[in-house]
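Structure below; questions to follow.
The values are calculated or read from the model by the stated rules, or taken from the named source; none is laboratory data. For clarity, every value in this text was computed on a predicted model and none was experimentally measured. A quick note on method: Cβ atoms are made from the backbone with ideal geometry, for glycine too, and the neighbour counts reach across all protein chains shown. Quick note on the areas: whole protein, heavy atoms, side chains included, nothing else; ligands and nucleic acids left out. Shrake-Rupley method; radii C 1.70, N 1.55, O 1.52, S 1.80 Å.
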Amino acid sequence: MTPRVRGLRVAVVHVALIASVGATLLYDRATLPRAWVETAGVDPDLPIRGRYVALRLLFPAAIEPPPGGERDRARAGRIEVRDGRAVVVLQGDADDRPANRRNLYFTERATPAGPRWMLVEPVAFFLPEHAPDPTRDVAPGELWLEVSVPDRSAPRPIRLERRRE
């Protein structure tokens, strides 16, 4: 086998891997529920990681937790889309389903629109090279992210928009 044939085989394998990841993401975008989510920006503009903004996602709770609980502690839960809105179902809530899904972790955060549950891990939204940073000079509640919501992992960002809600 010549080096050219081996190189072509490796190239075909690489293209097949990339195409399968792309096809999976397109399928997920077409089939998973979508919702707009309020965000709060974090500044991770590190040259080694590329150009993106890290966004903290803020959700209302499906059922308000009973008062008097620990406020600063992270609580396990999952994200569901109900009536076109993404909400957090905290573990232990009355309508909680069996734990067959991977739980995400949320902390409570006060916002101008009332208390929200913030996803502990920020979500990365990649920007074009010369686009301005959308998180600068933004009032609370103005930056929204459209996401697709998979059953077993964090939301996947689709597009970012500045608006009042």
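Can you confirm whether ASP83 is at pLDDT 80 or above, open to solvent by 60 Å² or more (accessible area, probe 1.4 Å) and on the phi > 0 side of the Ramachandran plot?
yes
For segment 19-41: of the residues being open to solvent by 80 Å² or more (accessible area, probe 1.4 Å) and either hydrophobic (A, V, I, L, M, F, W, C) or touching a Ser or Thr at 6+ places or on another chain (Cβ under 9 Å) (or both), which is nearest to GLY141 (Cα to Cα)?
Looking at the filtered set, the residue picked out is ARG34.
Based on this model, can you work out whether ARG71 counts as on the phi < 0 side of the Ramachandran plot, charged (D, E, K, R), modelled with pLDDT under 90 and open to solvent by 60 Å² or more (accessible area, probe 1.4 Å)?
Considered against the rule, which asks whether it is on the phi < 0 side of the Ramachandran plot, charged (D, E, K, R), modelled with pLDDT under 90 and open to solvent by 60 Å² or more (accessible area, probe 1.4 Å), ARG71 comes out as yes.
Tell me, which residue of segment 110-151 that is over 25 Å from LEU32 (Cβ atoms), in contact (Cβ under 8 Å) with a residue 60 or more places away in the chain and acidic (Asp, Glu) is most open to solvent (accessible area, probe 1.4 Å)?
The extreme case among them is GLU129.
Out of all the residues in segment 114-165, which are in a strand (DSSP E or B), more than 23 Å from GLY77 (Cα to Cα) and of a type in the set (D, E, K, R)?
ARG159, GLU161, ARG162
What is the residue count in segment 128-141 for residues that are over 11 Å from ALA40 (Cβ atoms) and either in contact with a Leu (Cβ under 9 Å, 6 or more places away or on another chain) or of a type in the set (Ser, Thr, Tyr) (or both)?
Count: 2.
Okay, next question. Sort through ALA94, ALA16 and tell me the only one that's open to solvent by 30 Å² or more (accessible area, probe 1.4 Å) and at pLDDT below 75.
One residue alone meets the criteria, ALA94.
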